[in-house]
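Asker: Quick one: this structure, given as structure tokens, is what I'll be asking you about.
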Amino acid sequence: YQLDVWIVKYFERSESLGLYSLAGNLATMFWILPRSVSTVLLPAMASPGSDVSFAQVARVSRLLMTLNVTLAIPVAVAAPWWLPFLYGGEFVGSSWPFAILLIGCAPFARSVVQAGVLAGLNRVDVNLKASTIGLFVTLLLDFILIPRYGINGAAIASAASYLVTTAYVT
């Protein structure tokens, strides 16, 4: 998402950057609960006498992903109404990028949980590889999609990156 911001700033007007920034910040709020869980799991998995099992972690990550996807659908569908209500009519342009970003952000909850587990098991190499793949997907798609589709292209690039990263980690 941050990479998108730089590239959107280069190709688009500052108004578009503001719309995209709002969409991105709202979409990544879907990671608040998974980050909290990940923060708890990291030391639990690193502890030699931990009673946390992979089955439990997998169940929790699936539950959080399902919860995120279930919440994301109505939130995305209703975005053209609630975004202008909360932020003003000039922000209705954030609705599509927000909905597109949620396609990647909601399932990425599973990746967020897995990242904490992998770090706790000293398997940061998996996280690094996943992040590197995500970076390349974002860069490639940003330069292809942003000049043609603007902030919607940026959202597609980030959503694709989150999905690819999630697929790699899980």
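The numbers here are math on the coordinates, done by the rules we state, and not lab data. Everything quoted here is computed from the prediction, not taken from an experiment. Don't worry about glycine lacking a Cβ; one is built from the backbone with ideal geometry, like all the others, and counts go over all protein chains shown.
Asker: Specify which labelled value, from [x] 47, 31, 28; [y] 54, 32, 19; [z] 55, 38, 31, agrees with Cα extents along the principal axes in Å derived from the coordinates of the model shown.
Answerer: Recomputing Cα extents along the principal axes in Å here gives the entry labelled [y].
Asker: Another question, then. Any idea what angle helix 151-169 forms with the longest principal axis of the chain, computed on alpha-carbon atoms, 0 to 90 degrees, nearest 10?
Answerer: 10
Asker: Now a separate question. To the nearest 20 debye, what is the magnitude of the charge dipole of the chain about its Cα centre, counting +1 on the Cβ of each Lys and Arg and -1 on the Cβ of each Asp and Glu?
Answerer: That gives the chain a dipole magnitude of about 320 debye.
Asker: Tell me the angle of helix 32-46 to the major Cα principal axis of the chain, expressed in degrees between 0 and 90 and rounded to the nearest ten.
Answerer: Its long axis makes an angle of about 30 degrees.
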